[in-house]
Amino acid sequence: MAVSDRYRAMAADFTSRVEAVPPDRWESPSPCEGWTARDVVRHMVGNVDWFFGMIGRARPDGPSVDDDPAGAWAAARDAMQAALDDPQVAGAEYEGAFGRSTLEQSVDRFMCIDLLVHAWDLARAAGLDERLDADEVHRVFEAVQPMDEMLRSPQAFGPKVEPPEDADEQARLLAFLGRNPG
């Protein structure tokens, strides 16, 4: 699947959760220590800004997460989708912490992982359906296991949690990424 299509599908799932957050749940704590549901969305909007900054671009202005989390996410999501749908922008190269990369490669390796995991975080914070796409869960779990040590840095994921013995793959992935899926 092309990165632009994968991003589109994963962003749609995240969007459905953002749009379903009840107004009184935006300040509910998320599984990300110290973050609320609103902060999860703020992080995802910030990811778009960060990746655009890596290739010397700026995201078009949109609503603030403080005033309109769903509108802010929609504006950021659409800007990233437009970038991924444009081969010249998607292929823009930059030198990053992991060497030379392109916007498209980085979105696939990092932002798509965040879209999946933070969809669960947002659902947990807002009391929504927490089920994630099983194929993406499998794909992400396969991708993150070799990065175990790197994922434990302060800017990434917390320490692993021991999943229940009968845990399904989603629960094992979430536990691997420091969440308590129980």
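At-a-glance table
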| item | result |
| --- | --- |
| Top-ranked residue of the stretch 62-74 - restricted to ones that are part of a helix (DSSP H, G or I) and hydrophobic (A, V, I, L, M, F, W, C), ranked as surrounded by the most Cβ atoms within 10 Å (Cβ to Cβ) | 73 |
| Verdict on residue 110 being part of a helix (DSSP H, G or I) and modelled with pLDDT of 95 or more | no |
| Test: residue 14 is aromatic (Phe, Trp, Tyr), crowded, with 17+ Cβ neighbours inside 10 Å and under 21 Å from residue 156 (Cβ atoms) | yes |
| From 77, 59, residue being assigned to a helix (DSSP H, G or I), more than 29 Å from residue 161 (Cα to Cα), open to solvent by 40 Å² or more (accessible area, probe 1.4 Å) and touching a helix residue (DSSP H, G or I) at 6+ places or on another chain (Cβ under 8 Å) | 77 |
| Conditions (1) of a type outside the set (Asp, Glu); (2) free of Cβ contacts under 8 Å to residues at least 24 places away in the same chain; (3) surrounded by fewer than 18 Cβ atoms within 10 Å (Cβ to Cβ); (4) in a loop (DSSP other than H, G, I, E, B): number failed by residue 163 | (3) |
| Check on residue 137, of a type in the set (A, V, I, L, M) and without any contact (Cβ under 8 Å) to a residue 60 or more places away in the chain | yes |
| Which listed residue, of 19, 27, 93, is in contact (Cβ under 8 Å) with a residue 12 or more places away in the chain and under 23 Å from residue 125 (Cβ atoms) | 19 |
| Test: residue in the stretch 38-53 that is open to solvent by 40 Å² or more (accessible area, probe 1.4 Å), in contact with a Gly (Cβ under 7 Å, 6 or more places away or on another chain) and farther than 21 Å from residue 119 by Cα | no |
| Unmet criterion (only one of (1) farther than 24 Å from residue 31 by Cβ; (2) open to solvent by 40 Å² or more (accessible area, probe 1.4 Å)) for residue 109 | (1) |
| Within the stretch 14-56, considering residues that are assigned to a loop (DSSP other than H, G, I, E, B) and touching a helix residue (DSSP H, G or I) at 6+ places or on another chain (Cβ under 6 Å), the one farthest from residue 103 (Cα to Cα) | 28 |
| Residue selected from the stretch 82-95 under the condition in contact with a helix residue (DSSP H, G or I) (Cβ under 6 Å, 6 or more places away or on another chain) and not aliphatic (A, V, I, L, M), by the criterion most open to solvent (accessible area, probe 1.4 Å) | 85 |
| Tally, over the stretch 80-107, of residues that are among the aromatic types (Phe, Trp, Tyr) and outside any strand (DSSP E or B) | 1 |
| Matching residues in the stretch 17-37 - criterion: being charged (D, E, K, R), crowded, with 16+ Cβ neighbours inside 10 Å and within 16 Å of the chain's Cα centre (by Cα) | 17 |
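The values are calculated or read from the model by the stated rules, or taken from the named source; none is laboratory data. This one's a predicted model, so the numbers in the text were calculated from it and none came from an experiment. Cβ coordinates were reconstructed from backbone atoms using ideal geometry, including for glycine residues, and neighbour counts include every protein chain displayed. Ligands, DNA and RNA are stripped out before the accessible areas are found, and what is left, the full protein with its side chains, is counted by its heavy atoms. Shrake-Rupley method; radii C 1.70, N 1.55, O 1.52, S 1.80 Å.
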